[in-house]
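Input: a single structure, listed below in C-alpha coordinates.
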Amino acid sequence: MEVRALNYTEDLKGDVLLFVAEDKVEEFKWPNATIRTLCEAQGFTGKLGETAFLSYLEDGCETPRQVIVGGLGKSAELSLEKVRKASAKALREADKRKVKTLSMIPWSLDVLPVVDVTRAVTEVALFVGHRFDRYLSEKKTCSLDSLQICYEASQEVDVIRGLKVGQTLGKTTNMARDLVNEPGNYMTPKQLADEAIQAGEQYGFDVEVLEEDAIEALGMKAFLEVGKASVNRPRFIIMRYKGNPNQPEEVLGLVGKGITFDSGGLSLKQAQGMGAMKSDMGGAAAVIGAISAIAAEHLKVNVVAVVAACENLISGSGYRPGDIIGSMAGKTIQIESTDAEGRLTLADAVYYTVTKEKATAVVDVATLTGAAIIALGSTTTAVLTNDQALYAKLQSASEQSGERVWQLPSFPEYREQNKTAYADLKNTGGREAGTITAGLFIEAFVEETPWIHLDIAGTAIASKDQDYLAEGGTGVGVRLLYHFAERFM
Ligand code: BES
Ligand code: MN
Ligand code: ZN
(Lines give C-alpha, C1' and ligand atoms only; values in the text may rest on other atoms or scores of the structure.)
(Ligands and ions follow the chains in the order given, each with its own letter.)
Protein backbone atom coordinates (compact mmCIF):
# COMPACT_ATOMS: atom_id res chain seq x y z
CA MET A 1 0.00 0.00 0.00
CA GLU A 2 1.20 3.46 -0.82
CA VAL A 3 1.08 6.15 1.87
CA ARG A 4 1.29 9.87 1.06
CA ALA A 5 0.95 13.15 2.90
CA LEU A 6 -1.70 15.56 1.65
CA ASN A 7 -1.94 19.23 2.51
CA TYR A 8 -5.45 19.53 3.94
CA THR A 9 -7.95 21.62 2.02
CA GLU A 10 -11.61 22.28 2.72
CA ASP A 11 -12.86 20.71 -0.49
CA LEU A 12 -11.21 17.35 0.02
CA LYS A 13 -12.25 14.93 -2.70
CA GLY A 14 -12.86 11.20 -2.57
CA ASP A 15 -13.30 8.67 0.22
CA VAL A 16 -12.46 9.72 3.71
CA LEU A 17 -11.39 8.19 7.03
CA LEU A 18 -12.32 10.21 10.10
CA PHE A 19 -10.83 9.26 13.46
CA VAL A 20 -13.02 10.32 16.34
CA ALA A 21 -12.53 9.92 20.09
CA GLU A 22 -15.47 8.90 22.29
CA ASP A 23 -15.60 12.34 23.89
CA LYS A 24 -15.51 14.17 20.53
CA VAL A 25 -18.40 12.59 18.64
CA GLU A 26 -20.69 15.54 19.47
CA GLU A 27 -18.02 18.11 18.74
CA PHE A 28 -16.96 17.13 15.22
CA LYS A 29 -19.08 17.75 12.16
CA TRP A 30 -18.92 16.06 8.80
CA PRO A 31 -19.85 17.61 6.44
CA ASN A 32 -22.73 19.43 8.13
CA ALA A 33 -24.25 17.17 10.80
CA THR A 34 -22.34 15.97 13.87
CA ILE A 35 -20.59 12.63 13.59
CA ARG A 36 -22.93 11.35 16.28
CA THR A 37 -26.03 12.22 14.26
CA LEU A 38 -24.56 10.66 11.14
CA CYS A 39 -23.63 7.46 12.89
CA GLU A 40 -26.61 7.17 15.21
CA ALA A 41 -28.37 4.51 13.17
CA GLN A 42 -25.26 2.34 13.42
CA GLY A 43 -24.90 2.86 17.16
CA PHE A 44 -21.42 4.40 16.77
CA THR A 45 -20.15 5.81 20.06
CA GLY A 46 -16.41 6.26 19.36
CA LYS A 47 -15.13 3.29 21.37
CA LEU A 48 -11.70 1.97 20.40
CA GLY A 49 -11.86 -0.23 17.31
CA GLU A 50 -15.47 0.68 16.46
CA THR A 51 -16.12 1.64 12.85
CA ALA A 52 -19.08 3.17 11.06
CA PHE A 53 -19.61 3.49 7.34
CA LEU A 54 -21.46 6.27 5.55
CA SER A 55 -22.10 6.62 1.87
CA TYR A 56 -23.84 9.55 0.20
CA LEU A 57 -24.14 11.30 -3.13
CA GLU A 58 -22.78 14.84 -3.20
CA ASP A 59 -24.16 17.52 -5.52
CA GLY A 60 -22.64 17.22 -8.95
CA CYS A 61 -20.97 13.88 -8.29
CA GLU A 62 -21.72 10.63 -10.02
CA THR A 63 -20.18 8.17 -7.58
CA PRO A 64 -21.15 8.23 -3.92
CA ARG A 65 -18.64 9.40 -1.38
CA GLN A 66 -17.72 6.80 1.22
CA VAL A 67 -16.77 7.76 4.75
CA ILE A 68 -15.25 5.42 7.31
CA VAL A 69 -15.47 6.67 10.89
CA GLY A 70 -12.99 5.03 13.28
CA GLY A 71 -13.42 5.13 17.07
CA LEU A 72 -10.42 5.85 19.30
CA GLY A 73 -11.87 5.51 22.83
CA LYS A 74 -11.30 8.29 25.36
CA SER A 75 -8.90 11.05 24.25
CA ALA A 76 -7.18 11.13 27.62
CA GLU A 77 -6.37 7.42 27.34
CA LEU A 78 -5.16 7.45 23.75
CA SER A 79 -1.81 5.76 23.04
CA LEU A 80 0.19 5.07 19.89
CA GLU A 81 -0.65 1.38 20.09
CA LYS A 82 -4.37 2.23 20.24
CA VAL A 83 -3.91 4.38 17.13
CA ARG A 84 -2.30 1.37 15.42
CA LYS A 85 -5.18 -0.90 16.39
CA ALA A 86 -7.87 1.58 15.35
CA SER A 87 -6.06 2.22 12.05
CA ALA A 88 -5.91 -1.48 11.26
CA LYS A 89 -9.66 -1.83 11.87
CA ALA A 90 -10.51 1.20 9.74
CA LEU A 91 -8.21 0.24 6.87
CA ARG A 92 -9.59 -3.30 6.78
CA GLU A 93 -13.13 -1.86 6.75
CA ALA A 94 -12.22 0.46 3.86
CA ASP A 95 -10.74 -2.47 1.95
CA LYS A 96 -13.90 -4.51 2.53
CA ARG A 97 -15.97 -1.61 1.14
CA LYS A 98 -13.79 -1.66 -2.00
CA VAL A 99 -12.32 1.78 -1.34
CA LYS A 100 -9.19 2.40 -3.44
CA THR A 101 -7.83 5.68 -2.14
CA LEU A 102 -8.56 6.85 1.38
CA SER A 103 -7.84 10.28 2.86
CA MET A 104 -7.37 10.27 6.60
CA ILE A 105 -8.37 13.30 8.67
CA PRO A 106 -6.58 12.97 12.01
CA TRP A 107 -8.92 15.17 14.10
CA SER A 108 -8.91 13.43 17.48
CA LEU A 109 -5.31 12.33 17.19
CA ASP A 110 -3.89 15.72 18.17
CA VAL A 111 -3.45 14.66 21.80
CA LEU A 112 -0.35 12.73 20.64
CA PRO A 113 2.69 14.14 18.77
CA VAL A 114 1.93 14.43 15.03
CA VAL A 115 5.23 12.80 14.08
CA ASP A 116 4.50 9.70 16.18
CA VAL A 117 0.91 9.36 15.01
CA THR A 118 1.90 9.67 11.36
CA ARG A 119 4.62 7.07 11.85
CA ALA A 120 2.27 4.65 13.60
CA VAL A 121 -0.49 4.94 10.98
CA THR A 122 2.04 4.56 8.16
CA GLU A 123 3.53 1.42 9.74
CA VAL A 124 0.07 -0.13 10.02
CA ALA A 125 -0.87 0.74 6.42
CA LEU A 126 2.23 -1.13 5.26
CA PHE A 127 1.57 -4.05 7.62
CA VAL A 128 -2.08 -4.71 6.74
CA GLY A 129 -1.37 -4.61 3.01
CA HIS A 130 1.41 -7.19 3.31
CA ARG A 131 1.04 -10.93 2.89
CA PHE A 132 3.51 -13.77 2.47
CA ASP A 133 2.18 -15.03 -0.86
CA ARG A 134 5.37 -15.91 -2.72
CA TYR A 135 4.34 -19.55 -3.13
CA LEU A 136 0.68 -18.99 -4.06
CA SER A 137 -0.19 -19.43 -7.72
CA GLU A 138 -3.20 -17.18 -7.24
CA LYS A 139 -2.54 -14.12 -5.13
CA LYS A 140 -5.29 -12.23 -3.33
CA THR A 141 -5.24 -8.53 -4.02
CA CYS A 142 -6.23 -5.60 -1.78
CA SER A 143 -8.69 -3.10 -3.15
CA LEU A 144 -7.32 -0.32 -0.93
CA ASP A 145 -4.06 0.75 -2.53
CA SER A 146 -3.32 4.17 -1.15
CA LEU A 147 -3.71 6.15 2.04
CA GLN A 148 -3.34 9.92 2.15
CA ILE A 149 -2.59 11.45 5.52
CA CYS A 150 -4.06 14.97 5.60
CA TYR A 151 -2.28 17.74 7.45
CA GLU A 152 -2.36 21.47 8.02
CA ALA A 153 0.58 23.65 6.98
CA SER A 154 1.93 23.94 10.55
CA GLN A 155 2.24 20.15 10.79
CA GLU A 156 4.09 19.65 7.53
CA VAL A 157 7.59 18.99 8.87
CA ASP A 158 6.36 16.47 11.45
CA VAL A 159 4.07 14.67 9.03
CA ILE A 160 6.78 14.30 6.40
CA ARG A 161 9.24 13.01 9.02
CA GLY A 162 6.73 10.54 10.56
CA LEU A 163 5.76 9.31 7.12
CA LYS A 164 9.38 8.65 6.16
CA VAL A 165 10.30 6.77 9.34
CA GLY A 166 6.98 4.88 9.24
CA GLN A 167 7.68 3.77 5.70
CA THR A 168 11.16 2.60 6.64
CA LEU A 169 9.93 0.68 9.68
CA GLY A 170 6.99 -0.77 7.76
CA LYS A 171 9.24 -1.99 4.96
CA THR A 172 12.02 -3.38 7.13
CA THR A 173 9.56 -5.08 9.50
CA ASN A 174 7.81 -6.66 6.53
CA MET A 175 11.20 -7.86 5.28
CA ALA A 176 11.83 -9.51 8.68
CA ARG A 177 8.33 -11.09 8.56
CA ASP A 178 9.09 -12.58 5.15
CA LEU A 179 12.45 -13.94 6.30
CA VAL A 180 10.70 -15.71 9.19
CA ASN A 181 7.91 -17.06 6.99
CA GLU A 182 10.27 -18.55 4.42
CA PRO A 183 10.53 -22.32 4.89
CA GLY A 184 13.74 -24.08 5.93
CA ASN A 185 14.33 -25.66 2.53
CA TYR A 186 14.70 -22.15 1.08
CA MET A 187 16.02 -20.18 4.04
CA THR A 188 19.33 -22.01 4.55
CA PRO A 189 22.32 -20.37 6.31
CA LYS A 190 23.72 -19.38 2.91
CA GLN A 191 20.38 -17.90 1.84
CA LEU A 192 20.12 -15.93 5.09
CA ALA A 193 23.59 -14.53 4.40
CA ASP A 194 22.55 -13.60 0.85
CA GLU A 195 19.46 -11.82 2.22
CA ALA A 196 21.70 -9.84 4.58
CA ILE A 197 23.96 -8.86 1.65
CA GLN A 198 20.93 -7.71 -0.35
CA ALA A 199 19.60 -5.69 2.58
CA GLY A 200 23.03 -4.11 2.97
CA GLU A 201 23.01 -3.01 -0.66
CA GLN A 202 19.46 -1.70 -0.43
CA TYR A 203 19.73 0.18 2.88
CA GLY A 204 23.41 1.09 3.04
CA PHE A 205 25.53 -1.01 5.40
CA ASP A 206 28.53 -3.34 4.95
CA VAL A 207 28.15 -7.10 5.13
CA GLU A 208 30.90 -9.66 5.64
CA VAL A 209 30.11 -13.38 5.48
CA LEU A 210 32.49 -15.94 6.98
CA GLU A 211 32.47 -19.55 5.82
CA GLU A 212 33.55 -22.56 7.82
CA ASP A 213 37.35 -22.22 7.66
CA ALA A 214 37.19 -18.60 8.82
CA ILE A 215 34.72 -19.50 11.59
CA GLU A 216 37.04 -22.30 12.68
CA ALA A 217 40.03 -19.96 12.64
CA LEU A 218 38.18 -17.68 15.08
CA GLY A 219 37.71 -20.69 17.37
CA MET A 220 33.91 -20.71 17.40
CA LYS A 221 33.71 -24.31 18.57
CA ALA A 222 30.28 -24.12 20.21
CA PHE A 223 28.65 -22.58 17.11
CA LEU A 224 30.26 -25.15 14.80
CA GLU A 225 29.04 -28.10 16.90
CA VAL A 226 25.41 -27.10 16.37
CA GLY A 227 25.75 -26.97 12.59
CA LYS A 228 27.72 -30.21 12.22
CA ALA A 229 24.81 -32.47 11.24
CA SER A 230 23.51 -30.48 8.27
CA VAL A 231 24.64 -30.45 4.65
CA ASN A 232 23.59 -26.78 4.64
CA ARG A 233 26.85 -25.45 6.00
CA PRO A 234 27.00 -22.59 8.55
CA ARG A 235 27.66 -18.94 7.80
CA PHE A 236 28.78 -16.21 10.18
CA ILE A 237 27.21 -12.93 9.10
CA ILE A 238 28.64 -9.58 10.19
CA MET A 239 26.79 -6.36 9.30
CA ARG A 240 28.41 -3.01 10.03
CA TYR A 241 26.92 0.48 9.93
CA LYS A 242 29.04 3.45 11.00
CA GLY A 243 26.64 6.31 11.62
CA ASN A 244 28.82 8.09 14.18
CA PRO A 245 32.37 8.14 12.82
CA ASN A 246 33.33 10.92 15.26
CA GLN A 247 33.05 8.46 18.14
CA PRO A 248 34.27 5.22 16.58
CA GLU A 249 34.81 3.60 19.99
CA GLU A 250 31.05 3.61 20.77
CA VAL A 251 29.52 0.53 19.14
CA LEU A 252 26.11 -0.99 19.68
CA GLY A 253 26.19 -4.75 19.09
CA LEU A 254 23.06 -6.61 17.97
CA VAL A 255 23.22 -10.40 17.91
CA GLY A 256 20.40 -12.47 16.41
CA LYS A 257 19.80 -16.20 16.78
CA GLY A 258 19.97 -17.67 13.29
CA ILE A 259 18.94 -21.32 13.45
CA THR A 260 17.37 -21.72 10.00
CA PHE A 261 15.65 -24.91 11.18
CA ASP A 262 15.64 -26.49 14.63
CA SER A 263 14.79 -30.20 14.68
CA GLY A 264 16.24 -30.49 18.17
CA GLY A 265 19.04 -32.75 16.90
CA LEU A 266 19.43 -36.11 18.70
CA SER A 267 17.33 -34.61 21.53
CA LEU A 268 14.66 -34.65 18.84
CA LYS A 269 11.58 -32.46 19.08
CA GLN A 270 8.18 -34.10 18.81
CA ALA A 271 6.78 -34.15 15.30
CA GLN A 272 3.73 -32.03 16.03
CA GLY A 273 4.50 -28.37 15.55
CA MET A 274 8.08 -28.98 14.44
CA GLY A 275 7.42 -27.09 11.21
CA ALA A 276 7.19 -23.88 13.23
CA MET A 277 10.93 -24.25 13.88
CA LYS A 278 11.60 -22.71 10.47
CA SER A 279 11.11 -19.50 12.45
CA ASP A 280 14.08 -20.18 14.74
CA MET A 281 15.96 -17.42 12.91
CA GLY A 282 13.49 -14.76 14.11
CA GLY A 283 16.28 -13.07 16.08
CA ALA A 284 18.42 -12.90 12.93
CA ALA A 285 15.49 -11.41 11.00
CA ALA A 286 15.06 -8.81 13.76
CA VAL A 287 18.69 -7.63 13.68
CA ILE A 288 18.86 -7.60 9.86
CA GLY A 289 15.63 -5.56 9.80
CA ALA A 290 16.80 -3.25 12.58
CA ILE A 291 20.20 -2.41 11.09
CA SER A 292 18.45 -1.84 7.74
CA ALA A 293 16.08 0.70 9.34
CA ILE A 294 18.91 2.34 11.30
CA ALA A 295 21.01 2.71 8.13
CA ALA A 296 18.06 3.89 6.03
CA GLU A 297 17.36 6.68 8.52
CA HIS A 298 21.07 7.52 8.92
CA LEU A 299 20.93 7.32 12.73
CA LYS A 300 24.06 8.78 14.34
CA VAL A 301 25.16 5.55 15.97
CA ASN A 302 27.67 2.81 15.14
CA VAL A 303 26.02 -0.57 14.93
CA VAL A 304 27.37 -4.05 14.31
CA ALA A 305 24.79 -6.79 13.83
CA VAL A 306 25.94 -10.39 13.97
CA VAL A 307 24.27 -13.70 13.10
CA ALA A 308 25.72 -17.18 13.61
CA ALA A 309 23.57 -18.99 11.05
CA CYS A 310 23.28 -22.78 10.98
CA GLU A 311 20.79 -25.62 10.94
CA ASN A 312 20.18 -27.99 13.87
CA LEU A 313 19.59 -31.37 12.19
CA ILE A 314 20.35 -35.05 12.76
CA SER A 315 23.03 -37.19 11.11
CA GLY A 316 25.92 -39.46 11.97
CA SER A 317 28.15 -36.43 12.27
CA GLY A 318 26.02 -34.47 14.74
CA TYR A 319 26.87 -33.63 18.34
CA ARG A 320 25.44 -35.74 21.18
CA PRO A 321 23.97 -35.29 24.64
CA GLY A 322 26.84 -35.84 27.08
CA ASP A 323 29.47 -34.35 24.76
CA ILE A 324 31.79 -31.77 26.25
CA ILE A 325 32.60 -29.06 23.73
CA GLY A 326 34.68 -25.90 23.61
CA SER A 327 33.82 -22.28 22.79
CA MET A 328 35.51 -19.17 21.43
CA ALA A 329 35.77 -17.80 24.97
CA GLY A 330 37.70 -20.92 25.99
CA LYS A 331 34.95 -22.11 28.35
CA THR A 332 33.97 -25.78 28.15
CA ILE A 333 30.32 -26.77 27.88
CA GLN A 334 28.64 -30.07 28.69
CA ILE A 335 25.77 -30.84 26.33
CA GLU A 336 22.65 -31.83 28.26
CA SER A 337 20.35 -31.40 25.28
CA THR A 338 21.17 -30.88 21.62
CA ASP A 339 17.87 -28.95 21.51
CA ALA A 340 19.35 -26.18 23.68
CA GLU A 341 21.38 -25.17 20.63
CA GLY A 342 20.57 -21.47 20.41
CA ARG A 343 22.57 -20.49 23.48
CA LEU A 344 25.62 -22.32 22.07
CA THR A 345 25.58 -20.33 18.83
CA LEU A 346 24.84 -17.11 20.75
CA ALA A 347 27.66 -17.71 23.23
CA ASP A 348 30.24 -17.54 20.43
CA ALA A 349 28.39 -14.75 18.59
CA VAL A 350 28.17 -12.40 21.61
CA TYR A 351 31.76 -13.20 22.64
CA TYR A 352 32.90 -12.36 19.11
CA THR A 353 30.83 -9.13 19.16
CA VAL A 354 32.30 -7.81 22.41
CA THR A 355 35.92 -8.96 21.88
CA LYS A 356 36.48 -8.58 18.12
CA GLU A 357 33.97 -5.89 17.17
CA LYS A 358 34.52 -4.12 20.52
CA ALA A 359 30.81 -3.51 21.10
CA THR A 360 30.31 -1.24 24.12
CA ALA A 361 26.77 -2.54 24.65
CA VAL A 362 25.23 -5.69 23.28
CA VAL A 363 21.65 -6.85 22.73
CA ASP A 364 20.95 -10.45 21.78
CA VAL A 365 17.62 -11.43 20.25
CA ALA A 366 16.53 -15.05 20.15
CA THR A 367 13.63 -17.46 19.85
CA LEU A 368 15.35 -19.18 22.73
CA THR A 369 12.96 -20.99 25.08
CA GLY A 370 9.49 -22.51 25.07
CA ALA A 371 9.47 -21.43 28.72
CA ALA A 372 9.21 -17.77 27.59
CA ILE A 373 5.87 -18.62 25.96
CA ILE A 374 4.68 -20.27 29.16
CA ALA A 375 5.78 -17.31 31.28
CA LEU A 376 4.59 -14.34 29.19
CA GLY A 377 2.51 -15.71 26.32
CA SER A 378 2.66 -14.31 22.82
CA THR A 379 2.22 -10.59 23.57
CA THR A 380 5.39 -9.85 25.50
CA THR A 381 9.10 -10.36 24.95
CA ALA A 382 11.07 -11.64 27.97
CA VAL A 383 14.15 -9.65 28.96
CA LEU A 384 17.25 -10.31 31.03
CA THR A 385 19.89 -7.65 31.58
CA ASN A 386 22.98 -6.82 33.61
CA ASP A 387 22.41 -3.06 33.26
CA GLN A 388 19.27 -1.28 34.49
CA ALA A 389 20.16 2.03 32.81
CA LEU A 390 20.31 0.24 29.46
CA TYR A 391 16.99 -1.44 30.25
CA ALA A 392 15.39 1.98 30.88
CA LYS A 393 16.26 2.86 27.27
CA LEU A 394 14.64 -0.36 26.10
CA GLN A 395 11.45 0.40 28.05
CA SER A 396 11.22 3.81 26.45
CA ALA A 397 11.78 2.24 23.00
CA SER A 398 9.05 -0.25 23.86
CA GLU A 399 6.56 2.57 24.43
CA GLN A 400 7.43 4.18 21.08
CA SER A 401 7.17 0.93 19.16
CA GLY A 402 4.29 -0.79 20.93
CA GLU A 403 6.46 -3.91 21.26
CA ARG A 404 5.97 -5.08 24.83
CA VAL A 405 8.88 -6.20 27.01
CA TRP A 406 9.10 -7.51 30.57
CA GLN A 407 12.22 -8.05 32.63
CA LEU A 408 12.80 -11.32 34.48
CA PRO A 409 15.10 -11.50 37.54
CA SER A 410 18.70 -12.70 37.40
CA PHE A 411 19.36 -13.53 41.06
CA PRO A 412 22.69 -15.33 41.59
CA GLU A 413 21.02 -18.62 42.61
CA TYR A 414 19.80 -19.08 39.02
CA ARG A 415 23.41 -19.20 37.77
CA GLU A 416 23.99 -22.32 39.90
CA GLN A 417 21.55 -24.21 37.64
CA ASN A 418 23.98 -23.92 34.70
CA LYS A 419 26.85 -25.58 36.63
CA THR A 420 28.15 -29.15 36.29
CA ALA A 421 31.01 -31.11 37.84
CA TYR A 422 32.60 -31.95 34.46
CA ALA A 423 32.75 -28.69 32.51
CA ASP A 424 32.64 -24.92 33.06
CA LEU A 425 28.94 -24.80 32.13
CA LYS A 426 26.15 -27.06 30.95
CA ASN A 427 23.71 -26.03 28.26
CA THR A 428 20.45 -26.50 30.17
CA GLY A 429 19.50 -25.41 33.65
CA GLY A 430 16.67 -27.88 34.18
CA ARG A 431 12.92 -27.35 33.97
CA GLU A 432 12.69 -24.52 36.47
CA ALA A 433 13.05 -20.91 35.26
CA GLY A 434 14.14 -22.04 31.79
CA THR A 435 14.06 -18.58 30.22
CA ILE A 436 16.23 -17.13 32.97
CA THR A 437 18.86 -19.88 32.96
CA ALA A 438 19.09 -19.73 29.15
CA GLY A 439 19.67 -15.96 29.31
CA LEU A 440 22.24 -16.31 32.08
CA PHE A 441 24.12 -18.89 30.01
CA ILE A 442 24.62 -16.17 27.37
CA GLU A 443 25.56 -13.64 30.05
CA ALA A 444 28.60 -15.81 30.85
CA PHE A 445 30.02 -14.84 27.42
CA VAL A 446 29.51 -11.04 27.39
CA GLU A 447 32.63 -10.20 29.43
CA GLU A 448 30.86 -7.67 31.72
CA THR A 449 29.70 -5.60 28.74
CA PRO A 450 26.33 -3.88 29.34
CA TRP A 451 23.93 -6.44 27.92
CA ILE A 452 20.26 -7.05 27.18
CA HIS A 453 18.81 -10.42 26.22
CA LEU A 454 15.47 -10.58 24.40
CA ASP A 455 13.71 -13.95 24.32
CA ILE A 456 11.22 -13.62 21.46
CA ALA A 457 10.08 -17.28 21.36
CA GLY A 458 6.52 -16.14 22.13
CA THR A 459 6.45 -12.95 20.07
CA ALA A 460 8.25 -13.83 16.82
CA ILE A 461 5.33 -15.64 15.25
CA ALA A 462 1.58 -15.10 15.61
CA SER A 463 -0.54 -18.27 15.58
CA LYS A 464 -3.54 -16.31 14.27
CA ASP A 465 -4.27 -12.92 12.68
CA GLN A 466 -3.68 -10.01 15.07
CA ASP A 467 -4.86 -6.40 15.12
CA TYR A 468 -2.46 -5.22 12.46
CA LEU A 469 -0.33 -8.26 11.66
CA ALA A 470 -1.36 -11.42 9.88
CA GLU A 471 -0.67 -14.92 11.15
CA GLY A 472 3.01 -15.87 10.83
CA GLY A 473 6.21 -13.88 11.34
CA THR A 474 5.66 -10.62 13.23
CA GLY A 475 9.01 -8.93 12.60
CA VAL A 476 9.21 -8.36 16.35
CA GLY A 477 12.38 -6.56 17.38
CA VAL A 478 12.83 -4.42 14.28
CA ARG A 479 10.90 -1.40 15.56
CA LEU A 480 11.99 -1.96 19.16
CA LEU A 481 15.69 -2.06 18.26
CA TYR A 482 15.37 0.92 15.90
CA HIS A 483 13.94 3.09 18.69
CA PHE A 484 16.48 1.63 21.11
CA ALA A 485 19.31 2.67 18.76
CA GLU A 486 17.80 6.18 18.60
CA ARG A 487 18.20 6.34 22.37
CA PHE A 488 21.80 5.22 22.01
CA MET A 489 22.77 8.33 20.00
N1 BES B 1 14.00 -22.85 19.37
C2 BES B 1 13.68 -23.48 20.60
C3 BES B 1 12.77 -22.62 21.49
C4 BES B 1 11.36 -22.38 20.99
C5 BES B 1 10.34 -23.23 21.34
C6 BES B 1 11.07 -21.29 20.20
C7 BES B 1 9.06 -23.00 20.90
C8 BES B 1 9.79 -21.04 19.75
C9 BES B 1 8.78 -21.91 20.10
C10 BES B 1 14.95 -23.77 21.38
O11 BES B 1 16.06 -24.09 20.61
C12 BES B 1 14.68 -24.94 22.25
O13 BES B 1 14.47 -26.00 21.73
N14 BES B 1 14.67 -24.73 23.56
C15 BES B 1 14.42 -25.76 24.49
C16 BES B 1 15.42 -25.63 25.61
C17 BES B 1 15.44 -26.81 26.53
C18 BES B 1 15.97 -28.03 25.81
C19 BES B 1 16.31 -26.47 27.70
C20 BES B 1 12.99 -25.60 25.02
O21 BES B 1 12.54 -24.46 25.21
O22 BES B 1 12.34 -26.61 25.20
MN1 MN C 1 16.18 -26.11 20.13
ZN1 ZN D 1 16.12 -23.34 18.74
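The values are calculated or read from the model by the stated rules, or taken from the named source; none is laboratory data. Source: prediction; values computed, not measured. Glycine gets a Cβ as well: all are built from the backbone with ideal geometry, and neighbour counts include every protein chain shown. What goes into the accessible areas is simple: the full protein's heavy atoms, side chains included, and nothing from ligands, DNA or RNA. Shrake-Rupley method; radii C 1.70, N 1.55, O 1.52, S 1.80 Å.
For the reader, a short list of remarks on this structure follows.
- Residues of the range 373-395 that turn out to be acidic (Asp, Glu) and buried (at least 17 other Cβ atoms within 10 Å of the Cβ), as a count: 0
- Residues that are over 19 Å from ASP206 (Cβ atoms) and within 22 Å of the chain's Cα centre (by Cα), drawn from the range 351-361: ALA361
- Residue in the range 212-227 that is more than 19 Å from ALA366 (Cβ to Cβ) and either part of a loop (DSSP other than H, G, I, E, B) or under 20 Å from the mean Cα position of the chain (by Cα) (or both) present: yes
- All positions within the range 396-415 that are closer than 21 Å to THR369 by Cα, more than 16 Å from ligand 1 (Cβ to nearest atom) and open to solvent by 70 Å² or more (accessible area, probe 1.4 Å): ARG404, TRP406, PHE411, PRO412, GLU413
- Candidates SER108, SER154, SER103, SER137, filtered to the one that is small (Gly, Ala, Ser), modelled with pLDDT under 95 and out of contact with any Ser or Thr (no Cβ under 9 Å at 6 or more places or on another chain): SER154
- Search result, residues across the range 253-275 that are crowded, with 24+ Cβ neighbours inside 10 Å and away from ligand 3 (no atom under 11 Å from the Cβ): GLY253, LEU254, VAL255, GLY256
- Hey, VAL306 within 18 Å of the chain's Cα centre (by Cα), buried (at least 24 other Cβ atoms within 10 Å of the Cβ), outside any loop (DSSP other than H, G, I, E, B) and away from ligand 3 (no atom under 15 Å from the Cβ) or not: yes
- Unmet requirement for ALA41, which otherwise passes all of (1) open to solvent by 70 Å² or more (accessible area, probe 1.4 Å); (2) free of Cβ contacts under 8 Å to residues at least 12 places away in the same chain; (3) not in a helix (DSSP H, G or I): (3)
- The residue pairs whose first member lies in the range 322-349 and is open to solvent by 30 Å² or more (accessible area, probe 1.4 Å) and within 15 Å of ligand 3 (Cβ to nearest atom), whose second member is in a helix (DSSP H, G or I) and at pLDDT 95 or above, and whose beta carbons are closer than 8 Å, counting only pairs six or more residues apart or on different chains, do not exist in this structure.
- Only listed residue being open to solvent by 10 Å² or more (accessible area, probe 1.4 Å), within 16 Å of ligand 2 (Cβ to nearest atom) and in the same structural domain as MET187 (by TED's automatic domain parsing), chosen from LYS300, LYS278: LYS278
- Residues of the range 137-155 satisfying the condition of being within 16 Å of SER103 (Cβ to Cβ) and not in a loop (DSSP other than H, G, I, E, B): SER146, LEU147, GLN148, ILE149, CYS150, TYR151, GLN155
- Test: residue in the range 287-296 that is under 30 Å from VAL165 (Cβ atoms) and either within 15 Å of ligand 3 (Cβ to nearest atom) or open to solvent by 10 Å² or more (accessible area, probe 1.4 Å) (or both): yes
- Of all residues in the range 191-230, those being without any contact (Cβ under 8 Å) to a residue 60 or more places away in the chain and open to solvent by 40 Å² or more (accessible area, probe 1.4 Å) number 13.
- Of all residues in the range 452-489 being in a loop (DSSP other than H, G, I, E, B) and among the aromatic types (Phe, Trp, Tyr), the one that is modelled with the highest pLDDT: TYR468
- Any hit, the range 392-413, residues being touching a residue at least 12 places away in the same chain (Cβ under 8 Å) and within 16 Å of ligand 2 (Cβ to nearest atom): no
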